[in-house]
Amino acid sequence: MEGEPPSASRFLLKLSGELLAAESGKGLSPPRVDSYAAEIAAILTRGHQFAVVVGGGNFIRGRELQGFGAVPADYMGMIATVINAVALGDAVERAGGRATVLSALPVQGIAESFDPIRASELMGSGTAVLCGGGTGNPMVTTDTAAALRAVQTGCDMLLKGTKVDGVYDSDPETSPNARRFDRLSYDEVIRKRLGVMDLPAIAICRDADLPVVVFDAWSADNVSKAVSDPTLGTVIDRGNES
């Protein structure tokens with residue numbers, strides 16, 4: 001597909017909970033949390049506006065929790081995302097930035113209720129907004145929450161941080177011939193069921209014409225690099241679609 005990658009100044013970053021954890025993928029790794037926080041604080045000083053939706057899989061992945069009903073399990077997973085949002089917000093403040101936790105599941109004294117107007121105002125004032133609690137609804141993933149929050153706050157781009165450097169046609173960890181895409185259209189992702197994000201999340205981005213950049217967030221400084229250069233990862237946008 002032709003054309004320059006989209007430019008942006010207001011971003012939403014989606015991080016999986018595992019990216020905040022140690023190599024085991026469980027719990028919280030303070031050095032990793034601090035590393036992301038330092039990047040976010042630095043991005044704010046460059047005049048960009050920033051929000052983060054973080055998953056909770058480093059504590060509880062609701063859909064994989066055995067022995068509980070699906071709805072209670074999902075709520076436990078949503079609570080885990082609030083823990084991660086609070087941890088990341090604290091670390092941003094310690095790194096010299098400003099941060100506020102807004103949650104679909106408010107916790108008095110810790111996280112305000114998410115409100116898109118409040119979130120947008122905070123972002124406009126140079127405060128990083130940490131969005132916890134998913135959408136507040138069971139059976140909805142944090143990918144979909146990220147797409148929804150990005151649209152609600154008028155973001156120019158959604159950054160999807162993963163452990164690989166873009167979107168592939170098969171799992172690059174198990175398939176040596178996996179092909180990496182530099183750029184894809186929303187409909188190609190949906191039609192090919194590439195699985196980089198949940199299909200409802202991609203559909204929300206498509207309908208709002210919100211570009212998505214899928215990039216390797218495990219490597220140091222790549223969040224800052226993706227903000228400056230979306231071609232670091234795979235760009236998903238409307239492309240040449242009519």
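Quick note: the coordinates plus some simple rules give every number you see, no bench work behind them. Treat the numbers as computed from the prediction; the structure is a model and nothing was measured. When we count neighbours, we look across all protein chains shown, and the Cβ atoms used for this are built from the backbone with ideal geometry, even at glycine.
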- Among Val214, Val164, which is the only one that is farther than 27 Å from Gly97 by Cα and either of a type in the set (A, V, I, L, M) or not in a strand (DSSP E or B) (or both)? Val164
- Task: Identify all residues within the stretch 128-160 that are in contact with a Cys (Cβ under 9 Å, 6 or more places away or on another chain), aliphatic (A, V, I, L, M) and in a helix (DSSP H, G or I); write none if there are none.
- Result: Ala145, Ala146, Ala147, Ala150, Val151
- Message: For the stretch 64-118, give me each residue that is in a loop (DSSP other than H, G, I, E, B) and of a type in the set (Phe, Trp, Tyr).
- Response: Phe68, Phe114
- Query: How do the pairs read when you match residues in the stretch 118-140 that are closer than 21 Å to Gly96 by Cβ with residues anywhere that are surrounded by fewer than 18 Cβ atoms within 10 Å (Cβ to Cβ), using Cβ under 6 Å and keeping only pairs 6 or more apart or on different chains?
  - Reply: Thr127/Arg98
- Matching residues in the stretch 53-63 (outside any helix (DSSP H, G or I) and either without any contact (Cβ under 8 Å) to a residue 60 or more places away in the chain or surrounded by fewer than 20 Cβ atoms within 10 Å (Cβ to Cβ) (or both)) number 5
- Message: For the list (1) of a type outside the set (S, T, N, Q); (2) buried (at least 18 other Cβ atoms within 10 Å of the Cβ); (3) part of a helix (DSSP H, G or I), I need the number of the one condition that Arg191 fails.
- Response: (2)
- Complete set of residues in the stretch 141-160 that are of a type in the set (S, T, N, Q) and free of Cβ contacts under 8 Å to residues at least 60 places away in the same chain: Gln152
- Message: Name the residue that is nearest to the chain's Cα centre (by Cα), counting only residues in the stretch 124-152 that are farther than 25 Å from Gly25 by Cα and surrounded by fewer than 24 Cβ atoms within 10 Å (Cβ to Cβ).
- Response: Leu148
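Being closer than 14 Å to Ser224 by Cα and not basic (Lys, Arg) is the requirement here; does Ala42 meet it? It would help to see each step written out before you state the result.
Numbers: closer than 14 Å to Ser224 by Cα: yes; not basic (Lys, Arg): yes.
Here the answer is yes, as Ala42 does meet what is asked.
Collect the residues in the stretch 64-75 that are surrounded by fewer than 16 Cβ atoms within 10 Å (Cβ to Cβ) and in contact with a helix residue (DSSP H, G or I) (Cβ under 7 Å, 6 or more places away or on another chain), keeping them in residue-number order.
The first filter runs over the stretch 64-75 and keeps only residues surrounded by fewer than 16 Cβ atoms within 10 Å (Cβ to Cβ), leaving 64-72.
Hit for the stretch 64-75 is Leu65, nothing else.
Keeping to the stretch 194-208, report how many residues are surrounded by fewer than 20 Cβ atoms within 10 Å (Cβ to Cβ) and either aliphatic (A, V, I, L, M) or within 18 Å of the chain's Cα centre (by Cα) (or both).
Restricting attention to the stretch 194-208, the residues satisfying the condition of being surrounded by fewer than 20 Cβ atoms within 10 Å (Cβ to Cβ) are 195, 198-200, 203, 207-208.
Now narrow it down to the ones that are either aliphatic (A, V, I, L, M) or within 18 Å of the chain's Cα centre (by Cα) (or both): 195, 198-200, 203, 208.
Residues flagged as surrounded by fewer than 20 Cβ atoms within 10 Å (Cβ to Cβ) and either aliphatic (A, V, I, L, M) or within 18 Å of the chain's Cα centre (by Cα) (or both) within the stretch 194-208 amount to 6.
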- Subset of the stretch 30-49 (residues that are under 14 Å from Thr127 (Cα atoms), part of a helix (DSSP H, G or I) and within 16 Å of the chain's Cα centre (by Cα)): Ala37, Glu39, Ile40, Ile43
